[in-house]
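Here's the structure we're looking at; comments come further down.
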Amino acid sequence: MVKLVAKLLEINNYNQIKNEFEELFLSHPNYPSLFAITDSLDLLSVENIAVNVPKDQLLDMPESFLAFFKNNLVLVNKTNKAIKITNQNDNAQNISYDAFASDWNGIIVAIEPNENSVKETNYNLKELKYGLPLLVLALLSIFSNRYNFFDFVFLGTSITGLIISVFVIQEKFGIKNEIASKFCNIGAITSCDSVIKSEKNKFLKWGNFYQWPIIFFSTSVASLLLQPSNSSAFIGFLSLISFPVLFYSIWMQKFQIKKWCVLCLAISFLLITQGLTWVFLSGFTLNFTSSIFFMFFALLASMYFIWKLIKPIIHNTINAQAELKQMIKFKRNYSLLSFLSKEIPSPEGFEDLKSLDFGNKESSLHLSIIISPSCGHCHKVFKDSFNLVSKFPDRVFLRVLFNINPENNNNPYKVIADILMALNKTEPLKVEEAISDWHIKKLDLKQWTEKWNTIPLNPSISQNLQEQYDWCLKNEFNYTPVKIINGKQFPNGYELSDLKYFLNDFEEENKFLETIHHN
């Protein structure tokens, strides 16, 4: 399902959120359901609809959408004369409208195109920075050694091979790379994943095919940077004797796995190029010295053992990420959140307390935070709460209250609560900026009061703060922050940012309660 949704997002100009969607979808407690798809899209603020439509309205459907065809989810792309359907194995076929309608159950998932998308740049600067040290070493070597044309050929093919080898490693361990993905999925008969992860390519007891290119090409690059002229001939000779392995790999892809790995074919092409270049240069004459022989194999042994050290680290990192996904899936269970949410000992009078309000009061999620201006932990709680209501202004209502003794004039931070409550009465549009200056921008006390201490304080402000303080005392909330969702204490094992996962659950629960109330 992930691939199909990713293609739908790409078609509708949402390339930048494909990876984020996958993380949300795979960690959804209802994975791999249709609800998990739409819920994850909702969290990413992608307008979507899952609906059962009459088959006679097929022509009115969007140009691309997801549908259930023969009880399987497929990506549908409409043309003037036919429909192209792509299944989860990336196999595509063109069929007529009538043929599609006969085996389609009427359910579709469609998304609103992103009209404000910014075109992606061709280069990922974060990835390019990793190649900068190699570029610097190559330039230093070129200025320090005499390179001829064929030395440049071997250096260029070896560096290219090293880059492709990194892509192979990423594909093996499931690390996402947009560049590699575009090459690996150019047709129904190409699948780097199927070939690289196949046990059929294990032709040596020391390991699978996927790890040897990075060891060989990293050794070749290091050797060429140290002694280019002497290394070229030896690398070409080694590439030539690797031909049987390359032909076996090609045969295996063609007849055993029956899928082509574009990355593997590219590596084969580079090695064949190096081998044939050596034949052209030497005429099968072994003209390299013993010193280059020992240097190359010393580098090869070093690269092999470095890989042996790095490989478990990659494995452990991938496993840790998989465990994290499982933990997130466990936490995203709404029943668990409800079970862990505690009742407030004495809730009476809570809704009557005067508070600073943000968001939509008619929403299904009412989040209340009780904070203190002097509390360092309250900065993060307010920021997380405000980020949530800013991202989902129609779906979240935020109340901010204070647990501060209004009679304690020795507290220098009391003035902040006084001013915020006064602003809320006289100039409510300024409250957001004022409270953000303190909890998000973190102005110091002098800066903040100089900016906002511009209005007279009303005696009723002290009364409001006293009511909030008394309510906290009654419930033994002798600390801040306190987090309350829909009248219950928010569980400590969750972060406020986790609430975005449950917005649909809160809405469904609210509809259910309203139905019971009306009945």
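Please enumerate the residues belonging to the stretch 246-257 that are in contact (Cβ under 8 Å) with a residue 12 or more places away in the chain and farther than 25 Å from Asp151 by Cβ. Of everything in the stretch 246-257, those that are in contact (Cβ under 8 Å) with a residue 12 or more places away in the chain and farther than 25 Å from Asp151 by Cβ turn out to be Tyr248, Ser249, Ile250, Met252, Gln253, Gln256, Ile257.
Restricting attention to the stretch 2-48 and to residues that are over 20 Å from Val76 (Cα atoms) and hydrophobic (A, V, I, L, M, F, W, C), the residue that is surrounded by the fewest Cβ atoms within 10 Å (Cβ to Cβ) turns out to be Leu44.
Selection of first residues in the stretch 97-110 that are on the phi > 0 side of the Ramachandran plot and of second residues that are loosely packed, with under 15 Cβ neighbours inside 10 Å, restricted to Cβ pairs under 8 Å at least 6 apart or on distinct chains, gives the following pairs, ordered by first then second residue: Gly106/Asn52; Gly106/Pro54; Gly106/Lys55. Any residue at all in the stretch 319-341 that is free of Cβ contacts under 8 Å to residues at least 12 places away in the same chain and either more than 23 Å from Asp498 (Cα to Cα) or part of a loop (DSSP other than H, G, I, E, B) (or both)? Taking every residue of the stretch 319-341 in turn, none turns out to be free of Cβ contacts under 8 Å to residues at least 12 places away in the same chain and either more than 23 Å from Asp498 (Cα to Cα) or part of a loop (DSSP other than H, G, I, E, B) (or both). Going residue by residue through the stretch 452-459, is there one that turns out to be in the same structural domain as Glu351 (by TED's automatic domain parsing) and modelled with pLDDT of 90 or more? So far as the stretch 452-459 goes, yes, one or more of its residues are in the same structural domain as Glu351 (by TED's automatic domain parsing) and modelled with pLDDT of 90 or more.
Taken as a whole, the condition of being within 21 Å of Ile404 (Cα to Cα) and either surrounded by fewer than 17 Cβ atoms within 10 Å (Cβ to Cβ) or modelled with pLDDT of 95 or more (or both) does not apply to Glu427. In the set Asn424, Asn387, only one residue is under 24 Å from Cys472 (Cβ atoms) and assigned by TED's automatic domain parsing to the domain that holds Trp471; that residue is Asn424.
For the stretch 54-85, the candidate set comprises residues that are more than 17 Å from Leu9 (Cα to Cα) and in contact (Cβ under 8 Å) with a residue 40 or more places away in the chain; within that set, the residue that is surrounded by the fewest Cβ atoms within 10 Å (Cβ to Cβ) is Pro54. Just the residues that are outside any strand (DSSP E or B) and closer than 15 Å to Met1 by Cβ, please, taken from the stretch 70-90. Selection gives Asn71, Asn87, Gln88, Asn89, Asp90. Within the stretch 76-87, the presence of a residue that is closer than 30 Å to Val389 by Cβ, in contact with a strand residue (DSSP E or B) (Cβ under 9 Å, 6 or more places away or on another chain) and among the β-branched types (Val, Ile, Thr) is excluded.
Test Phe35 against the stated conditions and say whether it is out of contact with any His (no Cβ under 9 Å at 6 or more places or on another chain) and in a helix (DSSP H, G or I). Taking the combined requirement at face value, the residue does not satisfy it. Could you tell me whether the stretch 436-444 includes any residue that is surrounded by 20 or more Cβ atoms within 10 Å (Cβ to Cβ), assigned by TED's automatic domain parsing to the domain that holds Ser355 and within 19 Å of Ser385 (Cα to Cα)? Checking the stretch 436-444: at least one residue is surrounded by 20 or more Cβ atoms within 10 Å (Cβ to Cβ), assigned by TED's automatic domain parsing to the domain that holds Ser355 and within 19 Å of Ser385 (Cα to Cα). Elements of the type helices (runs of 4 or more DSSP H) sitting completely within the stretch 401-519 and holding at least 2 residues that are over 15 Å from Leu353 (Cβ atoms): these cover 414-426, 431-439, 445-452, 503-518.
Is it the case, given these coordinates, that Leu224 is touching an Asp or Glu at 6+ places or on another chain (Cβ under 9 Å), assigned to a helix (DSSP H, G or I), crowded, with 21+ Cβ neighbours inside 10 Å and at pLDDT 85 or above? Taking the combined requirement at face value, the residue satisfies it.
The values are calculated or read from the model by the stated rules, or taken from the named source; none is laboratory data. Bear in mind the structure is a predicted one, so any value in this text is a computation, not a measurement. Note: ideal-geometry Cβ built from the backbone for every residue, glycine included; neighbour counts use all protein chains shown.
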